[in-house]
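The values are calculated or read from the model by the stated rules, or taken from the named source; none is laboratory data. This is a predicted model, so every value here is computed, not measured. Cβ placement follows ideal geometry from the backbone for every residue including glycine, while neighbour counts extend to all protein chains displayed. For the accessible areas, the whole protein counts, side chains as well, though only heavy atoms, and no ligand, DNA or RNA atoms are used. Shrake-Rupley method; radii C 1.70, N 1.55, O 1.52, S 1.80 Å.
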Amino acid sequence: MSKADDMFQKRLAKHHDELKWLYMELYQNDSMFAELCTNMYQYYQERRQQLKARDEQREKTPDWFKKNDMLGMMLYIDNFAGNLKGMKKKLSYLSDCNVNCIHLMPFLDTPKGRSDGGYAVADFRKVREDLGTMQDLSELADMCHQKGMNLCMDFVMNHTSEEHEWAKRARQGDGEYMSRYFFYHNYDIPAQYEKTVPQVFPTTAPGNFTYLPEIGHYVMTTFYPYQWDLNYRNPRVFNEMMYNFLFFANQGMDIIRIDAVPYIWKELGTKCRNLPQVHTIVRMMRMIGEIVCPSVLLLGEVVMEPEKVVPYFGTVEKPECHMLYNVTTMATTWNCVATKDTRLLKQQMDIVNNLPKEYTFLNYLRCHDDIGWGLDFSVLKQWGMQEVPHKRFLNDFFLGKTENSTSRGELYNDDPVTQDARFCGTTASMCGIESAGFEQDADKMEKAVTLDIMLHAYMLTQSGIPMLYSGDEIGQVNDYTYKENPDKSADSRYIHRGSFHWEQAEKRSDSTTVEGKIFKALSALETIRRSEPVFAADAGVYTYDVHNDAILCILREKEGESFFGFFNFSDKEETAWLQENGSFTNMLTGEKTELKDIVVAGHDFYWVKGKRR
Ligand code: GLC
C-alpha cells in the first residue's frame, strides 16, 4: 500500500464504524455501503496532489477558517464577471475588497426560465453553458488558492430540476427512477402531507405536489413545481449525491453550501423539516468529507429559528456542519432598524454569544434571498407587538410607506391566508440610498450612507465570519429590470440580483461619491478587523447595557484588551450611558477617548478599544 493510500485508510478507519452504523440504520444495505466506500477511495485517488496537500495542511490547523481575516462575498458569476473566465480577471477587484472567500451563486446546468435562480439543477456534472466549463471552474479554484482565496458553491441536494436525467426517466414511467423521487398515483397521500407540511412559496408556487398529466402521477415539489424533491430513503439517491459532492470537492471547492438542508427527509404526519434523519445524513456527509477531502467545509443553509439551526453543528464529538448562517440575527437587525429599538437584537445576540465558541456563524446583512420575518414573536408579544400587525408594519416600513421611512423594496410571497409576507431589496435601498438618489437630496443621502456603514460595522463586530453581498460594498441599489424579463418577473428576489455596476465601482476611490464613502469605510473597518486581536474568533463577545434601547453596544474581550462597539439604531442623536475607567482609543480616528456617556449621532457608530481598569 502506498503512503497516500495509508492516509486514506487512516481517515477511513477513524470514521468507518460510525459511518457504517448510521448508513445501516438508514438503509440496511451492505452492498450499497460497500459501493460508497469503493467510490470514496476512487474520488480520493482522483483528487489532485495540490488539493491533497491542502487537506493535510488544514487537518493540522482545523480552525483555519475561524481566523479574523476571513471575509466572504456572495455573487452571481454572470452579473459580476460574465462567465467563469471573466471571474479570473476580476479576482483583483475582490482582493481590493479584502474578500478571501467567494461564494459563487448556482452555476450548474439549469433550464432557462425554470431554474429558481439556478437552484433547479439539470446536470450536476455540467456548468451552465454561458458560464463556462468544469475545467474553467477548477482553473478558477486553482487561481483563487494561489491568491489565498477560498471558493464556495451551492450543493442543491434536496431536489433536482424536472429536466435532470433521473426526472426525465421517471416521467417516462421508469420505476427505478420514480423511486428516486416521491411519486403518487392519486392525491390520497399528498393530501395527508398537505395537512402538516407548510408552504415555502405560498404565492409563487403554492402546494407541495405537482400533477404530471402525462403519467397520471403526483410528484412532490416542496419548492417550485419544476424542482422535484429527491427521496433519500433510496440509498441510490444518497450515494449518487455523495459522489456529486466529492466530485465538486475535487474541482477545488473549499466550502460546500448545503442548500435547503432541513428539508431533505420527508415523513408523513410531520412538517418535513429538521427530521432526525436529516442529521444522520449531514453527519455522514461530514465524515465522508473528512475521509476523502478534509479541507472542504460544510456550510448549512438552515433558515430557521436558532433552536432549530444550532443542532446542525452536531456535537463536539460528532460534528455536522462547520458553519451556519446567523439568519435570525440578520432578520432581527432589520427589525431593529425599523423599530429603532435594539432590545430584541440584544436578546438575540445574547443567545448566539452564549453558544460554544466552536460554533461558527456566517453573519450577513443581505443575501440573494428575501428577508423572512422569523423573529422571536413570543418576546415581541411581551412588549405588546403582535405577529401579524408587526410584520405588516415591518413590510410597510421597508416599502417606504410609513412616515420617515426612506427604504425601497418589494414584498415577496405575500400570503393572503396567513397574512405573511417577506421582503426583498438591497442593503443600500433599504438604508435609503435609492430614494435619496432619486430625490437628489444630499442630506438624505448622507444619512442613508451613515446607516449603511453603521450596519456593516455592526455586522463586522459580530462573532463569526462576515459575508458581504456583491454590490453592497459600493452601495448598489435595487434593480427593477427583472420586471421586463418574463422568466424573472414573478419572483421579486431578482430585485436584489441585478448586474454588478462596474462603472459605479470605478468611483470607489473617490471619497466624495457614495461608492467611495462606503467602499473606503468598509475597507478601513475590515483592515482593523483582520489585524486586531479583539476580533479573534475566541474573543469573548457580549452585549453591554448602555441604558438606552436605541443603542446596541457590543463588547469584545481578548487578552486584557476590550473593544466597545456603539451602534445607534435611531436616526436621532442618542447617548450611551456608561462609565468605564481606563485608557481608550477611537479605532477609526486613532484619537484618545473617554468611555463616559458617549453621544452617538443618528445611525452612527463608534469602534473603541482599550484597557479597562
Ligand atoms: C435555498 C436558496 C433559494 C432557493 C431554495 C430552493 O433556500 O437560497 O434561493 O429558492 O433553496 O432551492
Value of [θ]222 nm, deg cm²/dmol, for the chain, DSSP H segments ≥ 4, -39500 (n - 2.57) each, nearest 500: -12000 deg cm²/dmol
Cα-based Rg and Dmax for the chain, where Dmax is the largest Cα-Cα distance (Å): 24.3, 76
Accessible area (Å², 1.4 Å probe, nearest 10) - T204: 50 Å²
Global geometry of segment 384-434, whether rounded, prolate or oblate, following the gyration tensor of its Cα atoms and the 1.5 cut on a/c: oblate
Rounded accessible area of R283 (nearest 10 Å², 1.4 Å probe): 20 Å²
Interchain or long-range residues, amide H under 5 Å from R257's placed H: M153, D154, F155, L299
Built amide H within the under 5 Å cut-off of A550, gap 5+: T342
Inter-site label distance for V599 and R48 at 7 Å from Cα along Cβ, in nm: 5.9 nm
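Once neighbouring chains are kept in place and the probe is 1.4 Å, which whole percent of the accessible area of segment 535-612 is contributed by carbon and sulfur?
Within segment 535-612, the accessible surface is 44 percent carbon and sulfur.
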Cα long-axis angle, helix 343-353 against the chain (0 to 90 degrees, to the nearest 10): 50 degrees
Other-chain or far-sequence residues with amide H under 5 Å of H159's (modelled H): L230
Calculated from backbone phi, Karplus (6.51, -1.76, 1.60) coupling profile of segment 546-556 in Hz, x at Gly/Pro: 10, 6, 8, 5, 6, 10, 9, 10, 10, 10, 10
Per-residue SASA entry for S31, accessible area with 1.4 Å probe, Å² rounded to 10: 80 Å²
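Over segment 68-213, give the accessible area per residue in Å² for a 1.4 Å probe, as an integer.
Heavy-atom SASA per residue in segment 68-213 reads 38 Å².
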In degrees, nearest ten, helix 387-399 long axis to first principal axis of the chain (Cα): 70 degrees
Charge-dipole axis of the chain as Lys and Arg at +1 and Asp and Glu at -1 on Cβ define it, positive-most pick from N239, Q192, A550: N239
Within the accessible area of segment 159-229 (1.4 Å probe), percent carbon and sulfur: 51 percent
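Per residue, what volume in Å³ does the Cα convex hull of segment 535-612 take up? Don't skip to the answer; put the middle values down first.
Details: hull volume 6.4 nm³, N = 78.
Taking the convex hull of the Cα positions in segment 535-612, it is 82 Å³ per residue.
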3J(HN,Hα) from dihedral phi, segment 68-82, Karplus parametrisation 6.51/-1.76/1.60, rounded to Hz, x for glycine, proline: 6, 8, 6, 9, x, 9, 9, 8, 8, 4, 5, 5, 8, 9, x
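Determine the per residue accessible area of segment 436-484 with all protein chains present and a 1.4 angstrom probe, expressed in square angstrom.
Working: 1790 Å² over 49 residues.
For segment 436-484, the solvent-accessible area averages 36 Å² per residue.
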The chain: relative contact order in percent, alpha carbon pairs under 8 Å with at least 6 residues between: 11 percent
Furthest towards positive pole of dipole, Q504, G148, A448, structure part the chain, Cβ charges: G148
Within-9-Å neighbourhood charge of F563 [Cβ basis; K, R +1; D, E -1]: 0
Segment 212-219 - phi-based ³J(HN,Hα) in whole Hz, Karplus 6.51/-1.76/1.60, Gly and Pro as x: 10, x, 4, 10, x, 10, 9, 10
Accessible surface, per residue, of segment 535-612 when the full set of protein chains is kept, probe 1.4 Å, Å²: 44 Å²
Formal net charge of residues neighbouring G602 (Cβ-Cβ distance under 14 Å; K, R +1; D, E -1): -3
